[in-house]
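Student: Sending over a structure as structure tokens; questions will come in a sec.
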Amino acid sequence: HAKRHLRGRTVIFSSELEAEIRSRGVIETLLRTADFDTEMELVFQPIVDSMNEHTVGFEALARWQSPRLGWVSPADFIPAAERIGLIRPLTQALLVRALAAAKTWPDHTRLSFNLSAHDICSPDGILPLIAIIEKSGVTPRRLDFEITETAVTFDFARAQQSIAALKAMGCGISLDDFGTGYSSLSHVHRLPLDKLKIDRSFVADINENPVSHKIIKSLTGLCDDMEIACVVEGVETRAQLDTLRRLGCDFLQGYYFAKPMPGAAIADHLAKDRARLDAAQGAKVVA
Ligand code: C2E
Ligand code: MG
Ligand code: MG
Ligand code: MG
């Protein structure tokens, strides 16, 4: 009986594995012939000031609507694009569109854009991106490039050069998903960072798990000491917001404030945000 049970488990395991490998193959095959102009989209998620919940900028997040597979998560297709060598043209196509969107926003509204390992670690990988930024007419001071620790470890010397080139233009650099992967404080120490983005895994149980609370508390202290801004992603509840504000986090992002939205919804979001801030300030003046 045990043997049959064991055999059953083995079969289930290997067929799941096969399905996984097949679907990876399918994503790669369809991505090779995907028309980035029509199938790829960007949505934008607000990043807010923790003190007044006012939107200070948006993070651009890629979406793939495959005619064959339907909606595919960037967690699946970005790594696939990296594996098949398509990430650099994809990044370039997305950056052109993100900057075109940012150009229509108010001057002080920032754009955060995610870069992959290949974008910053291939020889001269950063040059086409710099050309795109220059051509866009968007002030580099309004831009933040998000880079994960895993991406910089790919080729640290080259990553440092790419980051230095972006910094020289006036762009900001954020270290994304901090606390996951091969985290190392030496990255914080050796890279010219403007922001540290604390991974959402620490936020989920911040009010239930004293360890998560302590980790965020010490990371905000680290950011203060290093004089870099602290951004926390994945804020889903009012209780999490209250705790993070108390811990001195500078900027917050998450479903509690807003889900990622299409570019067409941004003007309306900013108008409502402005009205809410004006009403709050009016109330303070009266009081
Ligand atoms: P990320 O850069 O850490 O982006 C944050 C992710 O958290 C997004 O997932 C966002 O939708 C999700 N998120 C935001 N608020 C909440 C929340 O309150 N709760 C929960 N559970 N999730 C929240 P998304 O859009 O699926 O993107 C996943 C990852 O894919 C991104 O993680 C980023 O690493 C990568 N990615 C997305 N767009 C691009 C891109 O254009 N280029 C590159 N290289 N990577 C991208
Ligand atoms: Mg990001
Ligand atoms: Mg992140
Ligand atoms: Mg701080």
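Student: Examine the range 220-232 for a residue that is in a loop (DSSP other than H, G, I, E, B) and touching a residue at least 12 places away in the same chain (Cβ under 8 Å), and state whether such a residue exists. Spell out the reasoning first.
Tutor: Of the range 220-232, the ones in a loop (DSSP other than H, G, I, E, B) are 227-228.
The next check asks that each one be touching a residue at least 12 places away in the same chain (Cβ under 8 Å); those that pass are 228.
Checked the range 220-232: at least one residue is in a loop (DSSP other than H, G, I, E, B) and touching a residue at least 12 places away in the same chain (Cβ under 8 Å).
Student: Continuing with this model, one more query. Go through Gly125, Gly179, Gly221 for me and flag whichever is of a type outside the set (Lys, Arg) and under 23 Å from Ala81 (Cα atoms). Quick ask: steps written out before the conclusion?
Tutor: Details: Gly179 fails: under 23 Å from Ala81 (Cα atoms); Gly221 fails: under 23 Å from Ala81 (Cα atoms).
After applying the criteria, what remains is Gly125.
Student: Examine the range 235-243 for a residue that is within 16 Å of ligand 2 (Cβ to nearest atom) and not in a loop (DSSP other than H, G, I, E, B), and state whether such a residue exists.
Tutor: First, the residues of the range 235-243 that are within 16 Å of ligand 2 (Cβ to nearest atom): 235.
Next cut, not in a loop (DSSP other than H, G, I, E, B) only: none.
No, the range 235-243 contains no residue that is within 16 Å of ligand 2 (Cβ to nearest atom) and not in a loop (DSSP other than H, G, I, E, B).
Student: Now for a separate question. I'd like the full set of residues that are of a type in the set (Val, Ile, Thr) and more than 16 Å from ligand 3 (Cβ to nearest atom), limited to the range 121-152. Steps first, please.
Tutor: Applying the first criterion (of a type in the set (Val, Ile, Thr)) to the range 121-152 yields 126, 130, 132-133, 138-139, 147-148, 150, 152.
Hits for the range 121-152 are Ile126, Ile130, Ile132, Ile133, Val138, Thr139.
Student: Keeping to the range 217-232, report how many residues are surrounded by 14 or more Cβ atoms within 10 Å (Cβ to Cβ) and either more than 16 Å from Ile173 (Cα to Cα) or touching a His at 6+ places or on another chain (Cβ under 7 Å) (or both).
Tutor: 4
Student: Counting just the residues of the range 46-63 that are buried (at least 20 other Cβ atoms within 10 Å of the Cβ) and of a type outside the set (A, V, I, L, M), which one comes out farthest from the chain's Cα centre (by Cα)?
Tutor: Ranking the candidates gives Ser50 first.
Student: Suppose the filter is within 16 Å of ligand 3 (Cβ to nearest atom) and over 25 Å from Thr220 (Cβ atoms); does Ala165 pass it?
Tutor: On the way: within 16 Å of ligand 3 (Cβ to nearest atom): no; over 25 Å from Thr220 (Cβ atoms): yes.
For Ala165, the condition - within 16 Å of ligand 3 (Cβ to nearest atom) and over 25 Å from Thr220 (Cβ atoms) - is not met.
Student: Right, another one. When Gly282 is evaluated against the numbered criteria (1) within 16 Å of ligand 4 (Cβ to nearest atom); (2) over 30 Å from Leu191 (Cα atoms), which criterion, by number, is the only one it fails?
Tutor: Failed condition: (1).
Student: List pairs: first residue in the range 30-55 and within 25 Å of Arg68 (Cα to Cα) and at pLDDT below 95, second residue basic (Lys, Arg) and not in a loop (DSSP other than H, G, I, E, B) anywhere in the structure, Cβ distance under 8 angstrom, at least six positions apart or on different chains.
Tutor: From residues that are within 25 Å of Arg68 (Cα to Cα) and at pLDDT below 95, there are no pairs.
Student: While we're looking at this one, here's another question. Just checking: which of the strands (runs of 3 or more DSSP E) contained wholly in the range 21-80 hold 2 or more residues that are within 16 Å of ligand 4 (Cβ to nearest atom)?
Tutor: Counting at least 2 such residues, we get 40-49.
Student: Would you pick out the residues in the range 64-93 that are surrounded by fewer than 17 Cβ atoms within 10 Å (Cβ to Cβ) and of a type in the set (Lys, Arg)?
Tutor: Within the range 64-93, Arg68, Arg83 meet the criteria.
The values are calculated or read from the model by the stated rules, or taken from the named source; none is laboratory data. Here the structure is a predicted model, which is why all the values come from computation and not from measurement. Note: ideal-geometry Cβ built from the backbone for every residue, glycine included; neighbour counts use all protein chains shown.
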